[in-house]
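The next block holds one structure in the form of structure tokens; read it before the comments.
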Amino acid sequence: MSHECGAVRYRVNNPPTVALVCHCTFCRRRTGSAFGVGAYFKDEDVEFLAGERGSYEHRSDETHRWLRVEFCKRCGGNITWTLELRPGTRAIAAGSFDDPSWLRIERHIWTRSATGWALIPEGMNSFAQAFTPPPRD
């Protein structure tokens, strides 16, 4: 798999734990679009093969948790991010896959921040804020 300019190459070795659409204000600004689309993997299932990545950290205005974004140093495009909320997990920007058509979106989150023209499919799991899975026993 690669990012849009092809400088950063990576491989995922298992299916994502979840693929989702985020409508939060930060994802809209980070992507320059109506939302961000990410596939979340266990850290050990993501292998970087080539290319240089830069990074920056963002803290949520609401939750105050950090999110670290990694981008291609050649073209500046978003590639991956990690979240304080989900240790051991790495999200990959869906648009950075060579062919993202295999992903199946399971939920939309932060829909309270969605633009009026970003349509959420009928029957899709959607959450006004972040989805937090119930604790496991």
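The values are calculated or read from the model by the stated rules, or taken from the named source; none is laboratory data. Small disclaimer: the values here were computed from a predicted structure and weren't measured. Here the Cβ is made from the backbone with ideal geometry for all residues, glycine too, and neighbour counts use every protein chain on show.
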Among (1) within 14 Å of the chain's Cα centre (by Cα); (2) within 14 Å of Val21 (Cβ to Cβ); (3) surrounded by 13 or more Cβ atoms within 10 Å (Cβ to Cβ), Arg86 falls short only on (2)
Take the residues of the range 13-34 that are touching a helix residue (DSSP H, G or I) at 6+ places or on another chain (Cβ under 6 Å) and either surrounded by 15 or more Cβ atoms within 10 Å (Cβ to Cβ) or in a strand (DSSP E or B) (or both): which is modelled with the highest pLDDT?
His23
Which of the residues belonging to the range 68-103 are touching a helix residue (DSSP H, G or I) at 6+ places or on another chain (Cβ under 7 Å) and part of a strand (DSSP E or B)?
Val69, Asn78, Ile79, Thr89, Arg90
Find all pairs meeting these conditions: Cβ atoms under 8 angstrom apart; at least six residues apart or on different chains; first residue within the range 84-96 and under 14 Å from Arg30 (Cα atoms); second residue in a helix (DSSP H, G or I).
Ala93/Thr31; Ala94/Pro100
I'd like to know if the range 1-12 contains one or more residues that are free of Cβ contacts under 8 Å to residues at least 60 places away in the same chain and touching a Ser or Thr at 6+ places or on another chain (Cβ under 7 Å).
yes
When residues of the range 41-78 are filtered for being crowded, with 18+ Cβ neighbours inside 10 Å and of a type outside the set (S, T, N, Q), how many remain?
7
